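Here the structure is laid out as structure tokens; the discussion comes afterwards.
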Amino acid sequence: MKIALIGYGKMGKAIESIALNKGHEIVLKIDIQNNQDFTEVALQKADVAIEFTGPHSAYENVKKCIAWGVPVVSGSTGWLDQWDEVKDLCEAKNGTLIYSSNYSIGVNLFFELNKQLAQLMEPYNSYDVSMTEVHHTEKKDAPSGTAISLAEQILTHLGRKNKWVNSVSANSNELVIQSERMDPAPGTHMVKYSSEVDDIEIIHTAHTRVGFASGAVLAAEFGFEKKGIFTMKDVLGL
């Protein structure tokens, strides 16, 4: 495949390394220093774009890829309040969009475990649930997109919680997400059910960015000849 990298920070460089090792070609690299090179002509040299930027630029980046007819894999978080507009554009243009808050295979298996655990805990009101997420200090959004995905899964399956909050709360109906920023920390997510007699915890800890980058390249390989909107659940057949 010929790949355009939209965002060439630490994740972009990790994706580049894995893509090249798998025999793919990087035909475009866009970062804040050369954003003027992100043009329709330049992008259409690529079979697929992989977009890892930030919450303030991702929406426009993804829109450009779809409008210009290039399948896009996006891992940027913090912009999903504009998801409906992107979804409508993708459907109108018969485009291709793969989105995940986290492309790690391990995290996506963790998502499935999280949903099953919430279902199991639903009858047991003596257990309260909380979450903690830890990332590096360059992480721009809090809570992380992965934490939000985990929280939304819990809210779907655990009736005693009706919203998540990113602060301490005394409201028993609110799911508390605690965000911590420290270096080095590629990413840790913990879901904890606590009662007076015991605790149940599930934890995913990333050691490097390689897992995220590998999953993003896998998603690009899955989606570059398909049409529609997909997630890592589709990519992994979960």
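The values are calculated or read from the model by the stated rules, or taken from the named source; none is laboratory data. It should be emphasised that the depicted structure is a prediction, and the values quoted were computed from it without experimental measurement. When we count neighbours, we look across all protein chains shown, and the Cβ atoms used for this are built from the backbone with ideal geometry, even at glycine.
Quick look at the numbers
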| quantity | calculated |
| --- | --- |
| Subset tally (residues that are of a type in the set (S, T, N, Q) and either in contact with a helix residue (DSSP H, G or I) (Cβ under 7 Å, 6 or more places away or on another chain) or not assigned by TED's automatic domain parsing to the domain that holds Ser17 (or both)) for region 209-238 | 1 |
| Residue selected from region 174-209 under the condition farther than 18 Å from Val134 by Cβ and of a type in the set (A, V, I, L, M, F, W, C), by the criterion farthest from the chain's Cα centre (by Cα) | Val197 |
| Filter result for Trp68 (buried (at least 16 other Cβ atoms within 10 Å of the Cβ) and either over 16 Å from Phe224 (Cα atoms) or among the hydrophobic types (A, V, I, L, M, F, W, C) (or both)) | yes |
| Count - residues of region 28-39 that are surrounded by fewer than 16 Cβ atoms within 10 Å (Cβ to Cβ) and in contact with a strand residue (DSSP E or B) (Cβ under 7 Å, 6 or more places away or on another chain) | 1 |
| Some residue of region 40-48 being more than 15 Å from the chain's Cα centre (by Cα), surrounded by 20 or more Cβ atoms within 10 Å (Cβ to Cβ) and farther than 22 Å from Val235 by Cβ | yes |
| Filtered residue count, region 55-74, keeping only those that are among the β-branched types (Val, Ile, Thr) and out of contact with any Cys (no Cβ under 7 Å at 6 or more places or on another chain) | 3 |
| Of the criteria (1) in contact with a Cys (Cβ under 9 Å, 6 or more places away or on another chain); (2) assigned to a helix (DSSP H, G or I), which one Ile229 fails | (2) |
| Test: residue in region 40-52 that is among the acidic types (Asp, Glu), assigned to a loop (DSSP other than H, G, I, E, B) and free of Cβ contacts under 8 Å to residues at least 60 places away in the same chain | no |
| Hits in region 94-106 (condition: surrounded by 15 or more Cβ atoms within 10 Å (Cβ to Cβ), modelled with pLDDT of 95 or more and over 15 Å from Asp234 (Cβ atoms)) | Gly95 |
| Residue in region 154-200 that is surrounded by the most Cβ atoms within 10 Å (Cβ to Cβ), counting only those that are polar (S, T, N, Q) and free of Cβ contacts under 8 Å to residues at least 40 places away in the same chain | Asn166 |
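Residue by residue, here is whether (1) touching a Phe, Trp or Tyr at 6+ places or on another chain (Cβ under 9 Å); (2) at pLDDT 95 or above; (3) not assigned by TED's automatic domain parsing to the domain that holds Ala220 holds:
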position	(1), (2), (3)
Met11	yes, no, no
Pro55	yes, no, no
Glu85	yes, yes, no
Ala92	no, yes, no
